[in-house]
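Student: Just dropping this structure here.
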Amino acid sequence: MQAKNNRRGIKVGAFILLGLVIFVVGVFTLGSQKKAFVKSFSVDVVFNDIQGLKAGNNVWFSGVKIGTIKKIQFYGTSQVQVFLSIEEEAHKYIHKNATASISSDGLIGNKIIVITGGSPKYPFVEDGDHLQVNTTLSTDDIMKTFQVNNKNLVDVTSDFKILARGLVEGKGTVGSLLTDQQVAEDFKSIVANLKATTSSASKMARELDVFTKTLNTKGGLADNLLTDTAVFSKLQRSVNQLQKTAGSAAMLTENLNLASSKLNQKDNAVGLLLNDQETAGQVKSIMKNLETSSKKLDEDLEALQSNFLLRGFFKKRAKEQAKDNL
C-alpha cells in the first residue's frame, strides 16, 4: 500500500513538474513573441482619430516590428494620446523629428502604427519624447479615396450609358448626324462649302502674293515710291504745293464769304443799293432822269446839226471820219 502511494506521488510530482516546465516555456515563448523581456523606452503620439487602434497592437519601422502600443487615453478636448513601447535596439534609428501614422497589417489586418526614422541631422529620440503625426494618406484614406473614385466611375459610366443610348436613338446633334441621313448630307454639304471656301482663300492668298511681288518689281511705281528718294521728294513737294493751294483756296473762300456778307450789310455802297429799298428807288429815279436828259441832249445835238451856223462844221467832221475809215 505504501509502495502504491509512493508511485502515485511520483506520478503526481512528475505531472506537476512537467506542467511547471510547460508553463515556464510558454511564458518565455509568449514573452519572446511580445518582447516582454526586452529592454525598451516609451514615446507618445497624439492623433485626432485612432481608427480602431487598440493597446497591444504592433509598432513597425521600415517593415520591422520594433514595439507595441502600451496605453491609449484621451487627450485635450477630442484627441487621443497613444503611448508606444519601443525596443532599445531601434533607438539608434529613430530621430526626434520622426513621425508616426496609423496603417493596417495588410488590407484587412489589425491596425498598426508605422514610424518613419526622421532626418539624421536631428538627435536620437529619448524616453518620454513626443512624436509628430505623419499627415500623408493612410491605407484607410487610400481605401476611402478608392471608394469615392469608384462611385465617380459608376456615375461616369451611367452618364456615358445615357449618352450612348441618346446617340443610338438619334437624340441631339451628334445623334442626328449618326442616324438622320438628311442631317448627314447637310453636314457633308457644309464640309464641302468649307472646303471650297478654304480653296478660294488659298487662291486669293496666292494672287495677293503675286500682287505684292508685282509691287516690288524694280522700276515700278510702287517700287519707286518705296525706294527712290528723288521720286519721294517730288511727291512730297507736290503734296506741299497741294497743301498751299488748299490753303489759298480756303483763304479765297473766306474772302468771298466776307464779301458776300458785306453785300448783306448797309454800311457800303453796293450793300446799300442791294438792301436799301429807298436808295434803290432813288438810283432808279436818277437813271430815269439821266435817260431823259440823254434823250433831250440827242435832240439838242440834232437841232444843232440842222442849224445853218454849225452845218459846215458837222459836214467837215463827217468827211474826215469817212476819210479815216478808208
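Readers should treat all values here as calculations from the given coordinates under stated rules, not as data from a laboratory. All figures in this text were calculated on a predicted structure; none of them were measured in a lab. Heads up, the Cβs are rebuilt from the backbone with ideal geometry, glycines too, and the neighbour counts pull from every protein chain shown.
Student: Between Ile94 and residues 5 or more places away or on another chain, which pairs have amide H atoms under 5 Å apart, with H built 1.01 Å from N, and which residues are they?
Tutor: Under 5 Å from the amide H of Ile94 lie the amide H atoms of Val125, each far enough along the sequence or on another chain.
Student: For the range 39-136, taking Cα atoms only, what is the radius of gyration to one decimal and the Dmax to the nearest whole Å?
Tutor: Cα only, the range 39-136: 12.5, 37 Å (Rg, Dmax).
Student: Going by average Cβ neighbours within 10 Å, how do the peptides 79-88, 198-207 rank, with the highest at the top? List each step's numbers first, then the result.
Tutor: Working: 79-88: 17.9, 198-207: 10.0.
In descending order of packing, they fall as 79-88, 198-207.
Student: Do the alpha carbons of any pairs in Lys65/Lys111; Lys288/Lys315; Lys65/Lys151 sit beyond 25 Å of each other, and which pairs?
Tutor: Working: Lys65/Lys111 13 Å; Lys288/Lys315 33 Å; Lys65/Lys151 36 Å.
Beyond 25 Å between Cα atoms: Lys288/Lys315; Lys65/Lys151.
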